[in-house]
Structures are given as C-alpha cells and as structure tokens.
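Each reported figure results from applying straightforward, stated rules to the coordinates on display, with no laboratory input. Only a predicted model underlies this, so the values are computations on that prediction, with no experimental measurement involved. Positions of Cβ are generated from backbone atoms using ideal geometry, with glycine treated the same way; all protein chains shown enter the neighbour counts.
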Number of protein chains: 2
Amino acid sequence: MSLIVQKFGGSSVANAERVRNVARIVTDCYRAGNQVVVVVSAQGDTTDDLIEKAAEINPKASKREMDMLLSSGEQISIALLAMAIEAEHCPVTSLLGWQAGFSTNSAYGSARIKTVDAARVKAELDNNHIVVVAGFQGLNRYDDITTLGRGGSDTSAVALAAVLHADRCQIFTDVEGVYTADPRKVKNARKLKEITYDEMLELATLGAQVLNNRSVEMAKKYNVELEVLSSLTKAPGTIVREVTNVEKMLLRGVTKDTNIARISIIGVPDTPGIAFKIFSKLAAKNVNVDVILQSIGRDGTKDITFTTSADHAETAVDVLRTSISELAGKQILCDEGAAKISIVGAGMESHPGTAAKMFEALYEINVNIQMISTSEIKISVIIDKEDADKAVEAIHAKFFPEV
Amino acid sequence: MSLIVQKFGGSSVANAERVRNVARIVTDCYRAGNQVVVVVSAQGDTTDDLIEKAAEINPKASKREMDMLLSSGEQISIALLAMAIEAEHCPVTSLLGWQAGFSTNSAYGSARIKTVDAARVKAELDNNHIVVVAGFQGLNRYDDITTLGRGGSDTSAVALAAVLHADRCQIFTDVEGVYTADPRKVKNARKLKEITYDEMLELATLGAQVLNNRSVEMAKKYNVELEVLSSLTKAPGTIVREVTNVEKMLLRGVTKDTNIARISIIGVPDTPGIAFKIFSKLAAKNVNVDVILQSIGRDGTKDITFTTSADHAETAVDVLRTSISELAGKQILCDEGAAKISIVGAGMESHPGTAAKMFEALYEINVNIQMISTSEIKISVIIDKEDADKAVEAIHAKFFPEV
C-alpha cells in the first residue's frame, strides 16, 4: 500500500464531466489499494469570475478581502470533487486549507507555507477515507485565510506529500509530462522518463512552465518524488527525483524564453563600483537580471549589457536613467526583440563538447549569437527573437537526431 | 455610542449595486458613532446555482459536502460587502461563521447554534472596525462546516446580538416592517410601530413570514430588541420587544394561511386513549397538528377533525390508514380547500368582545366558520379557501376602520 498525493489544476475540474473524470482517476488509485490525498485548485474560470465581481465593487480591494473571496473557489471544487467521489461509492472527506493544517505567513495573495499540521488528514486516511484538500490556501497567525499566489496548488500538494512522507506526488496537467522541447512546435520532441529537481528547475525558469518553481524547490528540499502526467490520457508521465548516476551526459531539453528584454548602457565610465551600483539599484526595484555582458574597457569607458524579463524592462530603464548620476547623458538601449534559447542537462560541465555542438547547430542555420551564459546544468544563448523557433528546432535535431 | 447588529438577506446583496447600497446603510450607521456588526446571507441566486452544480455531479451528495459547498456562498458575499465598505473608506473585517465563533451541533444542513464565542468580533470592534459576518454557518465539534438551515442568517444575527449585548438587531428585508395585514392585498393595512415577541411568533406561524421563528424565539429568550425594516427605503421599521403596557387590547394583525389541510376521521370508536394514539402516532412522523375538533360522542363513535400543513397531509392520512388498528375501515377525509384566518394581539383574552367582532365580520360577508381555535393572543378560524382573501379584508376593516 502506497500513500499517493494527486494534484489537479483548475482546467482538470472545469466542469461536471471533468470533475467526474478526476473522480475516476482518484478512485482507481484508491481501489488499487493506495491511500490517496487529492489537492485541487478552483474550477476553470471561477477565480477570474470572482476577480471580476470584486473589481466591479472595489478595484482597490484589500488583499485580505481578496483572499477571503478567492479561497471560496477551491472550497467549491473540493466539495464537488468529494461529491463525485461519493458517487463512485468511495468514502471521502473534503478539507479546506486550514482544516488540512496549512499555516502560512501573512502575505495575503502570495503567502508562504510555514507548517502543515497533517493530523486531521492522517486521521481521515487512517479511517480509510480519500481526502480532498483545497490547494492554494492556508491560515495565518491571526486565523485569517491567505492564498499562496501563483502555482500555489502545486506547492500545497508537495508540502502535504512531504509532511505525510508520501510515496509519490502526482501533478496532473494538460500535457503528458516533461518534453525535450515544446512538442507543439518541435518535431521529434521526446517525453522524458525522468529528470532531476535541478534540471526541472532550470526548465521551469526557462519557460517550460509545467511545474511551479517553488513546488520543485520544496520537493527537492524534502526529497518528494514528483510525477508530471496528464489527467486526460493514461500514459505514464515524467518522474522528477534525485538521480545518482549522472556519469553520462544527459541532455534533458531545449527551451526558449521570448519574454525578455536586452538592455545596453553605452559608454559607462570604467571606474570601480559602477557595476555594483547599477545592479544593486536594479535589485532594490525588484528587477531580476539574468545574463550580463561587459565589454573590455576602452578610452576609459565600457559597455554593459544585461537581460531581464520584458515585464521589468521599463522599470529597469527608468532606474538607469534617473537614479545613477554616473550614467547621466549616456545612451541606454532597450531591445525587446531578443530571445533566450537554453539547453539543460546534468553533467554538462564535464562534457565540454556540448556548448560547441549547440553553437554549431546555430551556425549551420546562420543564427547570430548575441550573448552566452553557462551554468553547471545549462547553456543559454541570447539571439534574435525571429530566429527563436528555428534555433530550438535545429539544436533539438542536433542533440536528438531522428531515429 | 450603541452597538448595532444589522442583518441583510440574499436579495439585499444580489448584485454589485445592491452590495454598494448595503455598504452605505452600514457606513451611515458607523459614521453616526455606532459600533456595527453586519450579518449577511449568500447573494441572490448563489445558493441555487451551487445546488444545481451539485445535482449535476451527484444528486445524492452527502449533507456534509453540501454544507462545505453552500457555505462558500456567504464567504463570497462577506468579502464583497467588506470591499464595498472599504470603498466607502471605513475600516472593516469580514469573518466566516467559525471565525466569528459560531459553534453548532452536527446536524449538517439544519444545524443549531450551541455557543457563540465572540472574542474575535469584540477585538475587531475594539479596533474600531466594522465587522461583516457570514450568516447561516458555523463549525461543529469535528471542526467541520455546518449550515443552519432555513432562515439561518436571522438566527446568526440574533445570536450574535445576544452574545454581544447589542442595543438593537436590525433585520433588513424587502418590506418596510410588520403590517396589520398583507399590504399588497389589504387596503389600509398599517405598519406596526412595535409588537411583542409572542405576537411576532404568532404572525410568523400564521404565514406572515418576515422573520424566521427560531430567531424570534431566541430574541425573546435573550431579550434582544429587533427591528424589521427595509434596505431600500429609509423609513423606520417595526420594533419587536417585550412591551410591558398591554392594558389596552392591541390588535396586531390579520393573517391567512392557505397552505393547510383539514383531515377528518369519521366514526372513531368512543373509547379512552384513542385520541392519544392518533396524535402520538402523527407526532412520531413529525406531522404538526394545529387546530383539533372532536364531535360529541354518539352511538359509541365520534368524529375527529384536525388541521395540519398541506405538506404533511399525505403522511398524516397514511399514518391514520396504516398504523392505527382501531381506525381500520373508517372513513378518512382530507380537504385541502381550507384556509386559516387569524387575528393576533396581546391582551385579547381580557377583551371578550374580540372574538365576537371577528365572527360578526365573517357573518356580514356570509362566510361559514368550520373550526375555531383561540389562545392568549390569537383567535383562528378555519374557513373555505375561496373566501380567504375577502375574509381577511372584512376582518381588517372591522378592526381598523378607515380613518
């Protein structure tokens, strides 16, 4: 008998038919002799509908009241899923975030889980019940309802799996697993059987948004074995776990991120401390900087180029223009026509040929590389956005030749 | 400074405009220097929509999960009302039933309030906040959400007013108060300035459904002063309280109840214990019997006639036919064409002319009286349903002559 935590997102429970489908997946798992805890999000459009209702009444509503409002969404979906499981003649109990023991800090709208007291969940499991838990929500020290923010239900599921020492945490999505590239765009994209937490984190950061990062970090920290799989097909998904044998270079995937901006400052005085000044001011405004390139100093000046997410571009340029006296009058360029293409895989560092192979693929299709960045498990290049799709395809074909 | 509890039903918060209207009533009361606790129901059709969603998935859903589902309705309305109050720039906190300290028994769907621990509500009031509380819901000993059943929000409001020793509990409805007869039907129907708890109870039982009976009983028990008033007009409503001066006969109103059935058993053996047997069997099946008439015994038999609500008629006839051996083969008549017309007012007992005056009014319009029942504050007659409206009008005109 295994203890399985299953997580279903909003689209998986969007209507009565899908709720019944989820109930069948859950009860199949239960009937196979497992203990099952299910974490669900709000139904499809519920959250958007509630946000609209709130906006009509008060566009500047407090975050506390927004959390009070939005957390009703999961309350509806856990009750409906529990009813669907009852209809399958299995014993079930639905629990709200606070009933399942989720304590969070008080950051309404983006709260972090502090502890999970799973006593009630355990008692229900001991009683042979399937337990349906509202994801995305908890209670703060004032006994007020909080929501966890984006992707919060993934985090709820992993936290619960960690506390319960679950054998596996299954994250059901609308894709069948993690692929070597976007399967809708790249021919021959392959589903990975397994992948490490770090690789998953890099893939997520790089735009392959299957799993929320916080949830993967938490899974790594508590060694929770994850499986990403589809709620619509019965195919096995991708397992995320710590793999010990990484002797062989294993390329996990090719990703692109087109939501970036490349910002260049021309003719920065070549004096000590200027880079520190620039990037600390940016950090103070919550601008996350990714790849940084600095030209060799010449004539007492140098050029600094960096990338950031497109959402932060305007803020970044504003900070550079107004709060750093040394940059007064300097030319600042912002290019939103760039894309970042990355390859991810453990053991890359010890296989020096990998970068060359990637660059060769780009050379063969005549794509110019603007910037390069490498880490232990990742190589990224910044190229023109227009070339992004063909670059992904070429790199993928290079590493995963057609069989 | 007074402490006022205000209760608004589902139609009062049915859409954004009405929610804003309620927010204005609440903040006007707050700005006038009062402490204000607001109890709200789910928005207009929310409950029906949720019931429909549940029925689509599982028509036989457990009551526990139904309560989990339905209680999300008030959660939405308290959050939205709090947001509307924020938009009026007043400090406010919304609280769910359990956050406001409502403990109930475990009868899902029709739970009864056991205790209210108002510590959190008091703390918010001390902090000068308006407190918006979800009516209709509480928590049982297992920390599971329960709903109070019909009219539950009235009861929530009165219970909170009792525990907080509120100066007044205002029940906002879509009528301006309690009238001497249905104002839509009876010309010259007058709004009462005040009325006692017992009179209010009689009026409610008799079909003038302004306030839920349980809430009036609770208000009487804890001496909570009620006011019934409209959320749409600014007119003063009707105060419900214990009035000490009842020297004068005060007729409070004329009501009709057409949802009744008159059941007759012909030729019951005139032996001791038979009436006991009949009415205890009926009670065991939860059939509430109202007016009872027993003919004088003749030839060793008698006739027993009683009224019950039309909803119970079928059950009542069934009980009489199948579970009482003495009635085997006896003729049982069920007449659903009857109506009960009542006049209610304290001090009626000491004014013997009242009944005569009522009968006179009926005689004048040629209406035959089938049964009569009297209590300290009420006189009821059973008549033909077809005569109900004109009977109410005639009796009302007799007691409240046009001025």
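Shortest first, in nm, what separates the label point of B:E242 from those of the same position in the other copies (7 Å along Cα→Cβ)?
7.1
Hey, any idea what the orientation-averaged projected area of the convex hull of the range B:64-105's Cα atoms comes to, in nm²?
3.2
Express the C-alpha Rg of the range B:19-99 as a ratio against the empirical globular expectation 2.2 N^0.38 Å, rounded to two decimals.
So the Cα radius of gyration is 1.32 times the expected 2.2 N^0.38 Å.
Largest first and to the nearest Å, give the Cα extent of the protein assembly as shown along each principal axis.
Over the protein assembly as shown, Cα extents along the principal axes are 121, 61, 39 Å.
What shape does the range B:251-373 take by its C-alpha gyration tensor, where a ≥ b ≥ c are the square roots of the eigenvalues and a/c under 1.5 counts as rounded, a/b above b/c as prolate, and the rest as oblate?
Prolate shape, in that a/c is at least 1.5 and a/b is the bigger ratio.
Which loop-located trypsin sites (Lys or Arg not before Pro) does the range B:9-117 contain, where loop means any DSSP state but H, G, I, E or B and the Cβ has at most 14 other Cβ atoms within 10 Å?
B:K60
Report the calculated FRET efficiency for B:A355 and B:T301 (r = Cβ-Cβ distance, R0 = 30 Å), to the nearest 0.05.
Here the calculated transfer efficiency is 0.50.
Given an 8 Å cut-off on Cα distances and at least 6 residues of separation, report the relative contact order of chain A as a percent.
13 percent.
Just tell me, in residue order, which DSSP H segments of chain B are both 24 angstrom or longer along the helix axis (alpha-carbon based) and at least -1.0 in mean Kyte-Doolittle hydropathy.
For chain B, where a helix must reach 24 Å along its axis and average at least -1.0, the hits are B:63-87.
Taking the Cα centre as origin and putting +1 on Lys and Arg beta-carbons and -1 on Asp and Glu beta-carbons, what dipole magnitude results for chain A, to the nearest 20 debye?
With Lys and Arg at +1 and Asp and Glu at -1, about 420 debye.
Under 15 Å from a label point 7 Å along Cα→Cβ of B:R190: give me every residue in the range B:222-245 with its amide N that close.
Inside the label zone: B:238-239.
Mind jotting down the three principal axis lengths of the range B:77-168 based on Cα atoms? Whole angstrom, largest first.
So the extents along the principal axes, rounded to whole Å, are 40, 26, 24.
Can you pull out the GluC sites (Glu not before Pro) in the range B:211-316 whose DSSP state is coil and whose Cβ has at most 10 other Cβ atoms within 10 Å?
Here the GluC sites (Glu not before Pro) that fit, given the DSSP loop and packing criteria, are B:E247.
What does the convex hull of the Cα atoms come to per residue for chain A, in Å³?
Taking the convex hull of the Cα positions in chain A, it is 170 Å³ per residue.
So for the range A:271-347, averaging the separation of alpha carbon pairs under 8 Å that are six or more residues apart and normalising by length, what relative contact order in percent results?
That works out to 25 percent.
In this model, which of A:K53/B:K7; A:K191/A:K234; A:K220/A:K285; A:K193/A:K234; B:K285/B:K378; B:K187/B:K256 are farther than 19 Å apart at the alpha-carbon?
Listed pairs above 19 Å: A:K53/B:K7; A:K220/A:K285; B:K285/B:K378.
Could you work out the Kirkwood radius for the range B:3-173, taking every pair of different alpha carbons, averaging 1/r and inverting it, reported in Å?
Answer for the range B:3-173: a Kirkwood hydrodynamic radius of 15.7 Å.
Report the Stokes-Einstein translational diffusion coefficient (µm² s⁻¹, integer) for the range B:125-202, Rh taken as the Kirkwood radius over Cα pairs, at 4 °C with viscosity 1.567 mPa s.
84
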